[in-house]
1. State all residues of segment 105-129 that are hydrophobic (A, V, I, L, M, F, W, C), over 16 Å from residue 85 (Cα atoms) and modelled with pLDDT of 95 or more; if no residue qualifies, say none.
2. Considering segment 141-157 alone, what residues qualify as being assigned to a helix (DSSP H, G or I) and at pLDDT below 90?
3. Filter segment 72-87 for residues that are open to solvent by 40 Å² or more (accessible area, probe 1.4 Å) and of a type outside the set (Gly, Ala, Ser); which is nearest to residue 104 (Cα to Cα)?
4. Please state which one of 77, 47 is more than 21 Å from residue 138 (Cα to Cα), outside any loop (DSSP other than H, G, I, E, B) and touching an Asp or Glu at 6+ places or on another chain (Cβ under 9 Å).
5. Within segment 96-127, how many residues turn out to be in a helix (DSSP H, G or I) and open to solvent by 60 Å² or more (accessible area, probe 1.4 Å)?
6. How about segment 10-54: which of its residues are of a type in the set (Lys, Arg) and open to solvent by less than 60 Å² (accessible area, probe 1.4 Å)?
Amino acid sequence: MRLTTKGRYAVTAMLDLAFHSQIKPVTLTDIAARQTISLSYLEQLFARLRRAGMVKGVRGPGGGYKLCRKTSDINIADIIAAVNEPLDSTKCGGEANCQKDQACLTHDLWMGLSEQIRDYLKGISLADLLEKNQVQEVAIRQHHDAQQVIEIYRHPD
């Protein structure tokens, strides 16, 4: 199984949102700056996350995005599923048609691995990640670094 950029970026953006939206809504521009993710790509991901009921947009001055649920109620597997990223280690997509329209010799092995990965990621919530000191330290550093870049653009030499 290979988690693509879409799944990784969705989890990263949601963790950034969870960290920074505790006080006020967060703009996608801010997430893009902190996480070096394309704004247009984030817009696509957040459209899917919004449809999945994980985030909501807040309009007007000071607007942006907020989480729809508590961080303890949003697990990593659900974020990945919301952006249509499969958590599947089989080459047949779990259809058991890997070899001449039948299960291959190792089908059950790869199905078991997929289930283990899914269960592992279901067991980790955004709240669990936010409690980690390293996550907090990195989020603070990224915020500081992004603010420095913004200041450079505001006051060029």
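1. 124, 126, 127, 129
2. Matches in segment 141-157: 143, 144, 145, 146, 147, 148, 149, 150, 151, 152, 153, 154.
3. Narrowing segment 72-87 to residues open to solvent by 40 Å² or more (accessible area, probe 1.4 Å): 72-73, 78, 81, 84, 86.
Narrowing the set further to residues that are of a type outside the set (Gly, Ala, Ser) leaves 73, 78, 84, 86.
Numbers: 73: 37, 78: 28, 84: 25, 86: 20 Å.
For segment 72-87, the residue satisfying everything is 86.
4. 77
5. The initial filter retains those residues of segment 96-127 that are in a helix (DSSP H, G or I), namely 107-122, 126-127.
Going one step further and asking which of them are open to solvent by 60 Å² or more (accessible area, probe 1.4 Å), we end up with 108-110, 113, 115-116, 118-120, 122.
Selection size over segment 96-127: 10.
6. 34
The values are calculated or read from the model by the stated rules, or taken from the named source; none is laboratory data. Keep in mind it's a predicted model, so treat the numbers as computed, not measured. Every residue, glycine as well, gets a Cβ built from its backbone with ideal geometry; the counts of neighbours run over all protein chains shown. The protein model used for the area step is the full one, side chains on, heavy atoms only, and it has no ligands, DNA or RNA in it. Shrake-Rupley method; radii C 1.70, N 1.55, O 1.52, S 1.80 Å.
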